[in-house]
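What follows is a single structure, written as structure tokens, with notes after it.
Each reported figure results from applying straightforward, stated rules to the coordinates on display, with no laboratory input. These numbers come from a predicted model, not from an experiment. Ideal geometry is used to build each Cβ from the backbone, glycine not excepted, and the neighbour counts take in all protein chains shown.
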Amino acid sequence: MIVFLIGSQNQITSIDGPTLLFLVLSGLATGASWLCYFHALQIGDINKVVPIDKSSTVLTIILALIFLHEGINIYKVIAIIITAGILLMIEKKDLVSISLKR
């Protein structure tokens, strides 16, 4: 839809086979990811599902550092620190709810 909105539909035929395959696989993986995310929201605690889903950004950064040897910059460090804070908040909520039940 975006291709048609920006007027680039005449360039679709110039996409080679492997690129088109990866585009289709990426779309399928994205759709499956959203289905799994919404299912997890239905059956799980939203306070745990959402931060785990958002931590995928940090996982991507870490995998890119390990396998693609990408450099690290201030934005990547900030993203990792924010995610660490989110994960610590999850743990704190668990500890608070446990102490309140006693």
Problem set entry | Sorted by Cβ neighbour density within 10 Å, fewest at the top, the residues THR83, THR30 | THR30, THR83
Exercise. At a Förster radius of 22 Å, what calculated FRET efficiency corresponds to the Cβ-Cβ distance of ILE6 and LEU28, to the nearest 0.05?
Worked result: 0.40
Exercise. Given labels modelled 7 Å from the Cα in the Cβ direction, how far is it in nm from VAL77 to LEU35?
Worked result: 4.2
Problem set entry | Modelled FRET efficiency - R0 25 Å, GLU70 with VAL50, Cβ distances, 0.05 increments | 0.40
Problem set entry | Label of the coordinate-derived value, percent of Cα pairs over 16 Å apart, listed as (1) 69; (2) 56; (3) 74 | (3)
Problem set entry | Chain lengthening between ILE43 and THR57 when straightened (0.36 nm per residue, less Cα-Cα) | 2.7 nm
